[in-house]
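The values are calculated or read from the model by the stated rules, or taken from the named source; none is laboratory data. Quantities reported herein were computed from a predicted structural model and do not represent experimental measurements. Virtual Cβ from ideal backbone geometry, glycine too; neighbours counted across all protein chains shown.
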Amino acid sequence: MSAANELIAKFSAVQTLPHVVTKLSGLMADSNTTMKEFEDVIKMDPILVARLLKLVNSPFYGLLHKVDSIARAIAYLGMKNLHTIAVTQALKTIFTNQKDGAVFSRQKLWLHCAAVSICSKMVAERIFGINGDDAYLTGILHDFGIIVEDQVDSATFLEVCRDASSTTSMLEKEKKLFQTDHCEIGFILTHDWSMPVLIQEAIRDHHSQLDDVDPQSLTGILQIAEYLTAQQGYTTLPDVTTEISPVLIEHIQENIDEYTVLLEDFPEEMEKAKDLYEGEGN
């Protein structure tokens with residue numbers, strides 16, 4: 001068993017995604033899934049139903065009419081969007097269920113992931129004119145491997161954080177101390193959770209310096225979003241430098257006017273999404 005799989009096995013012994021969410025992920029992976037099957041699984045969890053309806057009616061989705069049932073929510077937003085909201089709610093609980101330390105903050109990591117997910121969706125839709133649902137989900141999931149490291153061996157993980165001065169050195173420190181890194185852990189987890197292959201690969205490669213990455217791919221969009229949100233202060237660790245593939249820097253420079261407008265609108269999009277990533281009690 002690889003080091004990544006060993007960490008995941010230890011993590012899964014104490015913490016897993018809720019059954020409803022993993023069931024929904026399995027349904028999403030099956031092209032024959034019906035809306036009725038999807039609705040029936042969500043209805044198994046009354047708390048999730050209430051949260052989903054609250055979020056569907058939030059400013060982030062901007063629906064003209066109030067949605068008062070899961071069936072109507074699916075009809076308005078589609079199964080993929082409802083699945084994304086369910087995953088977001090499940091991850092939010094895992095990310096924020098522990099007190100923050102002096103070196104590493106799970107709350108700050110969650111805010112980073114929320115910012116990257118919202119920015120990824122904006123880049124997909126505004127820059128490339130493609131559906132941003134998968135980009136959003138990739139952003140929410142991309143750093144979950146960090147949670148696994150922190151949960152399984154917090155002392156070693158804090159040593160990684162203390163010594164990290166750039167993204168590359170953080171990965172090198174992870175590989176030295178854990179014999180793996182959060183990118184590989186996230187790749188394996190999203191495979192186990194039946195996430196789309198392109199999401200898995202984007203998470204695996206989100207810190208890789210790639211010569212031929214397509215800016216429009218999920219990997220390209222995720223790297224761009226991490227770079228842009230870092231400029232806005234949404235980083236996991238204060239001294240970490242966000243580096244992305246050179247071809248993506250060239251792409252941003254060639255389209256700087258569009259990206260300037262996107263960043264001007266980004267704070268408003270974060271504000272609209274507050275219900276989604278903050279939720280009750282914040």
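Looking only at the range 160-179, filter to residues that are surrounded by fewer than 22 Cβ atoms within 10 Å (Cβ to Cβ) and touching a helix residue (DSSP H, G or I) at 6+ places or on another chain (Cβ under 6 Å); which one of those is nearest to residue 101 (Cα to Cα)?
Ranking the candidates gives 163 first.
Does residue 233 fit the bill of being farther than 25 Å from residue 8 by Cβ and surrounded by fewer than 22 Cβ atoms within 10 Å (Cβ to Cβ)?
Yes: the conditions hold for residue 233.
So the check is Cβ under 8 Å with 6+ separation or different chains; which pairs have a first residue in the range 1-23 that's at negative phi and part of a helix (DSSP H, G or I) and a second one that's surrounded by fewer than 20 Cβ atoms within 10 Å (Cβ to Cβ) and among the small types (Gly, Ala, Ser)?
The qualifying pairs are 21/90; 22/194.
Residue-by-condition table, conditions (1) assigned to a helix (DSSP H, G or I); (2) under 29 Å from residue 134 (Cα atoms); (3) in contact with a Leu (Cβ under 7 Å, 6 or more places away or on another chain):
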residue	(1), (2), (3)
159	yes, no, yes
174	yes, yes, no
187	yes, yes, no
190	yes, yes, yes
194	no, yes, no
198	yes, yes, yes
206	no, yes, yes
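Filtering the range 122-135 down to residues that are in a helix (DSSP H, G or I) and in contact (Cβ under 8 Å) with a residue 40 or more places away in the chain, which residue is nearest to residue 256 (Cα to Cα)?
Result: 127.
If you scan the range 80-137, which residues turn out to be within 28 Å of residue 152 (Cα to Cα) and of a type in the set (Ser, Thr, Tyr)?
84, 88, 93, 96, 105, 117, 136
Quick check on the range 76-116: of everything there that is touching an Asp or Glu at 6+ places or on another chain (Cβ under 7 Å) and aliphatic (A, V, I, L, M), which residue is nearest to residue 235 (Cα to Cα)?
109
Is there any pair with a first residue in the range 177-200 that is closer than 14 Å to residue 150 by Cα and a second that is part of a loop (DSSP other than H, G, I, E, B) and among the acidic types (Asp, Glu) whose Cβ atoms are under 6 Å apart and which are 6 or more apart or on different chains, and what are they?
Qualifying pairs under 6 Å: none.
Only one of (1) modelled with pLDDT of 95 or more; (2) under 21 Å from residue 189 (Cα atoms); (3) surrounded by fewer than 17 Cβ atoms within 10 Å (Cβ to Cβ); (4) not hydroxyl-bearing (Ser, Thr, Tyr) is not met by residue 116, so which one is it?
Every listed condition holds for residue 116 apart from (3).
Would you mention how many residues in the range 190-218 are surrounded by 21 or more Cβ atoms within 10 Å (Cβ to Cβ) and out of contact with any Ser or Thr (no Cβ under 8 Å at 6 or more places or on another chain)?
Summing the residues that are surrounded by 21 or more Cβ atoms within 10 Å (Cβ to Cβ) and out of contact with any Ser or Thr (no Cβ under 8 Å at 6 or more places or on another chain) in the range 190-218 gives 2.
Do you know which residues across the range 85-103 are surrounded by fewer than 22 Cβ atoms within 10 Å (Cβ to Cβ) and of a type outside the set (A, V, I, L, M, F, W, C)?
Matches in the range 85-103: 89, 92, 93, 96, 97, 98, 99, 100, 101.
Under 6 Å between Cβ atoms, which residue pairs at least 6 apart in sequence (or on different chains) link something in the range 136-148 that is in contact (Cβ under 8 Å) with a residue 40 or more places away in the chain with a partner that is surrounded by 24 or more Cβ atoms within 10 Å (Cβ to Cβ) and of a type in the set (D, E, K, R)?
As it stands, the answer is 136/121, since those pairs meet every condition given.
Identify the residue in the range 53-80 that is of a type in the set (D, E, K, R) and closer than 23 Å to residue 270 by Cβ and, among all such residues, is surrounded by the most Cβ atoms within 10 Å (Cβ to Cβ).
Ranking the qualifying residues of the range 53-80, first place goes to 80.
Given the criteria among the aliphatic types (A, V, I, L, M), loosely packed, with under 14 Cβ neighbours inside 10 Å and not in a loop (DSSP other than H, G, I, E, B), does residue 50 qualify?
Yes.
Yes/no per residue for (1) among the acidic types (Asp, Glu); (2) under 20 Å from residue 116 (Cα atoms); (3) at pLDDT 95 or above:
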residue	(1), (2), (3)
160	no, no, no
185	no, yes, yes
207	no, yes, no
211	yes, no, no
215	no, yes, yes
220	no, yes, yes
247	no, yes, yes
253	no, yes, yes
266	no, yes, yes
